[in-house]
Amino acid sequence: MFSKTKGFDPFSLVIGILSVILSLFILRNPLNSFKALVFVIAILSIVEGIFKIAEISQLDRSLGMSPVWLIINGVLDIIIGILIFLDPAVGGIYIWLMLSIWFIVDSLFELWYSRFAERNHKGYFWFEVILGIVGLILGIALLFQPAMAMSVALFLVAFYFMFFGILLIVRSF
């Protein structure tokens, strides 16, 4: 069913090269890239809100539960997206706060989870604890340094495109 010989995939190569170029563009033009990131977030927020509201009838029928929270969440997504379009600074604040909170919450989870890892593997336990503490410190630092948070956000996006691009280039051969 599956062939052991794999041929050349030009589509993956092109997408991989474009992803690497986009990564380099993001790193060379951080201000314009951040503006673009803000508008992409605005568009995604509006689209996600519309989809949440559109699937209310499906949720109500399949789960038999009240769709009030889904309506509120969808409307909030749309409002946030519109606010970001009207004032891109709101998008910068959104990215800053969400990234900071994400680091803090994820690090707290890692610290909580490390207690389960301690039972099985001491080395992994200390690795989890150290990464959790470093992430918590970084999250708190990002919370008080908006410019650093925005730089980290751009770096993460650029890193993703670079990693994804290299993966596709390698996979294409």
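Looking at this structure, is Ser3 modelled with pLDDT under 95, over 24 Å from Met148 (Cα atoms) and of a type in the set (Ser, Thr, Tyr)? Judged against the criteria, Ser3 is a match.
Among the residues making up the range 119-134, those that are part of a helix (DSSP H, G or I), exposed (fewer than 14 other Cβ atoms within 10 Å of the Cβ) and not β-branched (Val, Ile, Thr) are Arg119, Asn120, Lys122, Gly123, Tyr124, Trp126.
Counting only helices (runs of 4 or more DSSP H) wholly contained in the range 7-113, the ones carrying 3 or more residues that are modelled with pLDDT of 90 or more and open to solvent by 60 Å² or more (accessible area, probe 1.4 Å) occupy 10-28, 30-54, 68-86.
Consider Phe173 carefully, then state whether it is under 16 Å from the mean Cα position of the chain (by Cα), open to solvent by 40 Å² or more (accessible area, probe 1.4 Å) and on the phi < 0 side of the Ramachandran plot. Here the answer is no, as Phe173 does not meet what is asked. Annotation for the range 134-155: no member residue is without any contact (Cβ under 8 Å) to a residue 60 or more places away in the chain, out of contact with any helix residue (DSSP H, G or I) (no Cβ under 7 Å at 6 or more places or on another chain) and either basic (Lys, Arg) or farther than 30 Å from Gly92 by Cα (or both).
The values are calculated or read from the model by the stated rules, or taken from the named source; none is laboratory data. Worth saying up front: this structure is predicted, and the values here are computed from it rather than measured. Glycine also receives a Cβ, built like all others from the backbone with ideal geometry; neighbour counts cover every protein chain displayed. Each accessible area value is taken on the protein alone, full model and side chains, heavy atoms only, with ligands, DNA and RNA left out. Shrake-Rupley method; radii C 1.70, N 1.55, O 1.52, S 1.80 Å.
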